[in-house]
Structure formats: structure tokens, C-alpha cells
Amino acid sequence: MLPPSQRRMAKKKKQLVSAGKGNERDYFDVYGTEAKAEVQWKVTEKRSRLSLQDFQNLILWMLGDGTNPSWIFIKNKPLVSKVVLLFVPGLDAAMFMSQLKLLRGIKTTCGTPQAVTALSPTTSPASTIGALLTCPRRKRKEPPNDTEKVVKVARTNPNKSPGQQSRVIERELHQELSSLGSTENGNSSKKELQEHNSSDDEEDTSTCQQADNKVSNGISTPPFPAAYYILSKMEMRDNGYPMPTDNCSESNRQVPEGFVMTQPANGTNFPEMVAVDCEMCYTGSGLELTRISLVDQSKKVLLDSLVKPANPITNYNTQYSGITAAMMKDVTTTLEDIQEQFVKIVPAETILIGHSLECDLAALRIIHMRVIDTALMYQHPKHNGNFKPALRMLAHRFLKRRIQDRADGHDSIEDARAAMDLTLLKIRDGPNSGYPTNAADQNRENLLDVLSKHGRRCALLDRRSLLHQYAVGNTHAIVCSSDHDVLTKAAKEVNKPDVDFVWAQFAEVNTYLDRRAQNPEQNAALVAEVAALKTCSEDDLDSLVDLPISREFEAILSKTDERVKALHNALPNNAMLIVLTGHGDTLCVRRLQAEIRSKKLKPEGASQSWMESSDAVYEELSSRAETALGFVTIKYSSADNSRPSHDGEPSD
């Protein structure tokens, strides 16, 4: 029998545990080392569908100060070691049920899913991610930061003209540049970012890493180093950048004909960042280079030269290029001359900056693998990442500077300086700056920021653009270029004891659906197939039809199933895994919606039968797209590898 003091202590711990309080050790002391957390569903018929907000509330209850959700209960909640949220957009409920043979691994490891209502049948992954990674802002008054207040007033003072405000911002940037400070002893997230970025490009040399450190010194204690914003090889390829041939080293002999590749620097004395802008005129071969300007990060002009194209100019494009016949009259500098000068000024270690830089490098016929593109670094304020923002708009919006408004055309020096300042501004203010905000956004706050205020450490594993927008504070921001990359890195991250919340995304399913929807022939075939199946199933108009899928899509679903199962198996004991699909094939719905609206504006362009058939197909596809899935499971480690039971459900 235990001594009285130990019995009293055990009684107190049992009372704490009964009240849902206490820590992990208290639970083990009361229930033993075999104690485990369990998921108990409490979904009722009146509330058969859940929302994205419900799952966010679950996360806040598990890791923050949220309230116990009414639709679920976690028995022995303090035993849950961490929460992993896996986003798998595109996998709707109808697809899951019809392709259960391909997705048996998800069902086996994660249990029976719950139906989740998407934001809308035409929503996008970006909107869904925004709903999951931001939460309603609580009304609380915090003491203002005097420094931030002064800067804000300086930027938005209504008594200052745009030119004066531009000079204020430029002066701030110069002050930052003048106070060069090392960031080598920065927090761990900066070091991890540099490590993960270097893993995107395996052939990065130690000289390149030294260059990263030099660039990060350009802004005193930036949230993230400049190297964080460098495009990965996949991002460059997806955006049409000139690239060396596959499996080749950095050698002029192994690049496309007519191109040159920047070479490693001979020493350490090279520009850390250089901005470039080119002007082009039309010739018989299309657009050819006629002017190039290079500036460094202090806005000093390193090169400004007119270039004689190889073919006669047919249109000077003066309205945009600023080039006239008089300017080009005595020009003898050739493209080859410019290439020779360029590679002397810009070695391979230098970060090259520009706006839609792939166009400039294509005109220069130069390959450079360390680039920052302001057209990708900043998001369009209205189009949610679907369109690149114009440099003129970005300069006006963030630098309070007017460019490209002269009657005699653009100025490449002016544009290069604007691109450099936009980059310096982003480095100084952090990756989630420069994104569009509205009244709704101002009433929401970053979920990771909320969790960090409760002492939780978070990790974000996703594509670079998402990290730019949501990585804050001490978040482990890990760049991933593919679903395989996400799985490999997430399997390591979920086992770090200091990480409490992990976000990851498997995007291949939705990528395939988007690619199919953007193909007019495949999209039309899908709509026709749905229409035919709806006609054949007229006896049961309320049921969703089973759509056949291609072998390529079968392989993608099967691979996604394997990855979800592998991630679950990699989890530590008592870790919670939430799998959310968010929505189905919403891009197909948006395209069909646009087509129907277009036809309705011109009634003579569509028959009554076509409109009725299209409305039925739209209703079918909308119902599928807006019915997503949500899984909640807790990992158990046992000798027989049985999966956890869910609300009394027997283990397999």
C-alpha cells in the first residue's frame, strides 16, 4: 500500500485527470504507461456536415485556448503529443467512395471520414488554405509600437505627395543598408531556411553559401535571408526561364546553342545582388534586345548600354521600350558584346533580380541560376495569384513611386531600381508582406501566430509561395517542390520533439484536375460524359454518378494513398493526424459556370436542351466539388500494428 502522502498525491492527480487537466506525466501516473488518447466522434444527424472552421477550432482546442468542439471529443487529450494537418485538395467525397480500392490505405490508417462543406463549389486551394491558416481575430488592445507607428505615419502621411513618400521609403531602405549587421547568429528558422533552400539545388557550392551570408547582411536582421526568395529549379522551369540541358554541369559547352552561362567568381569581390531590366524592339525574328541596364543594391548603375539587334528593326515599340531610330543610329554594340560584359559583372554567386526576369534572360540569351523575380515575389491584389502583378502597380503600391508613365516610353534604369527596391523591401518586411488585404483579412490573424503566442512551435512544409505568405516568427518554413519532397521532409519534422503543429500539403491530385480543366478537349469530354451519365440515371436524379478516371489519375490517387499511409506510419505515438481535402474539382466548375453565363448572355447561341443539360451537369459537378472530407486519427504504436478505433469501431 502506498504511503499516505503518495495516496494524496495520486488522488489529486486523478482529480486533475478527471477534470480534463493535468499533463502527460499525470495521465501516465494515473492510468499507467499504456494510456492513450482516443478520438470519439459526436456528429449528429442535425449536423451531418462539418466546416473548415470546425477543424480549425479543434486545432485551437488541442494546442491553444479554444473550447471543446461539440462534434468530437478527444479522450485523454493531454497525451496528444502534436497535431499534423495534411491538406489534400481535389479529393472529394464522391471520388473517395467510388475509388475506395485505390484509397484503401487512407481508410485503413485514418478511419471513416466526415463530410466537410467547402467554402464554395468554385473555391480555389489558395482560398481554402487561407481559411485554414487564418482565424478570426480576437478583440484585444495591445500597446502600440512607437517605431512601427512612426514608420507607418511616414509612409501614409496624407500631407506628403507620392514623390515625397517615395523618398521617405527610399531613405529608410538606405538607412537599413548603411547599418550592415551579420545574421549568422540569427534564430534557427533562418538557418533551416538556408539549409532547405540549398537542398533544392544540390550542386550549390560553398562559395554560393558565402554569398548567401553576404546578401543577408544587406538588411539588418531580416526576418528571412535574401537567399530564401531565390527561385528553385522547378519554379524557374515552370515559369519559362532559360535552363541548361538536363544532367549537365555549369559549362558553356552544355547550354543551348547561342546561350552563355554565368561562371563562378574568381574571388570574393563581387556584387551581392544586381537588378536587371531590358528593352526590346521588334525585328523580323520577333523581339530582340536593344537596351540593358544593371544596378547594384545601392542603385548604382553597373551597366547601361544600347544594343544593335542581329536583324533590322521593324517596329521600335517606343511606347514601351523608349527606343527611337535616332538613338539606334550609330549603335555598334552587339549581343555578344553584352554577354561578355554581363558575365564579368554578374558571376554565378550573385543574386540577379528583375520583374518577369525570364523575358530579360531570354533576350540576353544568358542562363543564371540564382534569381529573384518580383513578379512572383509579390501577389496581384485582385487575382489571388492567378496573374502576375505589373511592376508599375507594385512600385506605386509599395514604393509610392510612379514609373513607366512617360510619353517617351519606359526607362530600364528606373525599372531596375524599382525591382531592387521592391526586393529590399520584401527582405526587410518579411515573406508575408506585400500580399493583398481587405476588410475581411484585417479581421483575421495567422493561425501559426496564434499558436506561437501559446508557446507552440510550428512547421510549414509546402511550396515557396505559401511559405512567403504564412510563415511567421519562429516557424520552421521548409520549401518543398513535390509531394514526394513533402513526405520525405515531413516524416523527419513530425518526429522533432520541439514541434507541436505541422502543416503539409499533397497537391498532385488537384494539380492533375487543374491540368485537365485547362485542356479544352479533356474538359469538354468530361462535361459530355457527365451529361451522358446523368441522362442514363434519370431514375435517381439525386444520386451522384460514378465518373470513370484515366490510368494516369489512377496512378496519382494510388500514390497519394501510399503517401498518406507513409506519413501516418512516420508519426510518433499519440500524435494527431487531421487530413482535410478542402474541395473537389472546382476549376472545372468555374469553367463550366463561365461558359453557361456566356451562353445565357447570347440566347441564340445555345438551344434549350443544351441549357438544361448544362445546368444538370453544373449541379452535379458543384455537388461533388463542395463536398470534401475530413479525417481525424491518433497514431498508436503497438506490436500488432493495429490501427486506432474510432468511437467503438473495431480495429482491422
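The values are calculated or read from the model by the stated rules, or taken from the named source; none is laboratory data. Small disclaimer: the values here were computed from a predicted structure and weren't measured. For neighbour counting, all protein chains shown are included, and Cβ atoms are generated from backbone atoms with ideal geometry for every residue, glycine included.
Taking every residue in segment 493-512 that is acidic (Asp, Glu) and pairing it with any residue that is assigned to a strand (DSSP E or B), at least 6 positions away or on another chain, the pairs with Cβ-Cβ distances below 8 Å are Glu493/Ala459; Glu493/Leu461; Glu493/His476; Glu493/Ile478; Glu493/Val502; Asp500/Lys82; Asp500/Val83; Asp500/Cys458. Scan segment 278-306 for residues that are closer than 21 Å to Ala419 by Cα and assigned to a strand (DSSP E or B) and the total you get is 17. The set of residues in segment 413-431 that are surrounded by fewer than 23 Cβ atoms within 10 Å (Cβ to Cβ) and of a type in the set (Gly, Ala, Ser) contains only Gly430.
The strands (runs of 3 or more DSSP E) found wholly in segment 307-408 and carrying at least 1 residues that are under 24 Å from the mean Cα position of the chain (by Cα) and either in contact (Cβ under 8 Å) with a residue 12 or more places away in the chain or crowded, with 17+ Cβ neighbours inside 10 Å (or both) occupy 351-354, 371-373.
Is it the case that some residue within segment 97-105 is in contact with a strand residue (DSSP E or B) (Cβ under 8 Å, 6 or more places away or on another chain) and either part of a loop (DSSP other than H, G, I, E, B) or surrounded by 20 or more Cβ atoms within 10 Å (Cβ to Cβ) (or both)? Scanning segment 97-105 turns up no residue that is in contact with a strand residue (DSSP E or B) (Cβ under 8 Å, 6 or more places away or on another chain) and either part of a loop (DSSP other than H, G, I, E, B) or surrounded by 20 or more Cβ atoms within 10 Å (Cβ to Cβ) (or both).
Across segment 44-58, which residue is farthest from Val450 (Cα to Cα) among those that are modelled with pLDDT of 85 or more and either of a type in the set (Asp, Glu) or under 23 Å from the mean Cα position of the chain (by Cα) (or both)?
The first filter runs over segment 44-58 and keeps only residues modelled with pLDDT of 85 or more, leaving 49-58.
Restricting the remaining residues to those that are either of a type in the set (Asp, Glu) or under 23 Å from the mean Cα position of the chain (by Cα) (or both) gives 51-57.
Details: Ser51: 20, Leu52: 17, Gln53: 15, Asp54: 16, Phe55: 15, Gln56: 12, Asn57: 12 Å.
By that ranking, first place goes to Ser51.
If you go through segment 574-606 and keep only what is at pLDDT 90 or above and out of contact with any helix residue (DSSP H, G or I) (no Cβ under 7 Å at 6 or more places or on another chain), you end up with Ala575, Thr581. When Asn474 is tested against the conditions (1) in the same structural domain as Leu577 (by TED's automatic domain parsing); (2) touching a helix residue (DSSP H, G or I) at 6+ places or on another chain (Cβ under 6 Å); (3) surrounded by fewer than 23 Cβ atoms within 10 Å (Cβ to Cβ), the lone failure is (1).
Residues checked against (1) aliphatic (A, V, I, L, M); (2) over 19 Å from Ile413 (Cβ atoms):
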| position | (1), (2) |
| --- | --- |
| Thr318 | no, no |
| Thr332 | no, yes |
| Leu335 | yes, yes |
| Gln341 | no, no |
| Lys344 | no, yes |
| Ala348 | yes, yes |
| Leu352 | yes, no |
| Ser356 | no, no |
| Ala362 | yes, yes |
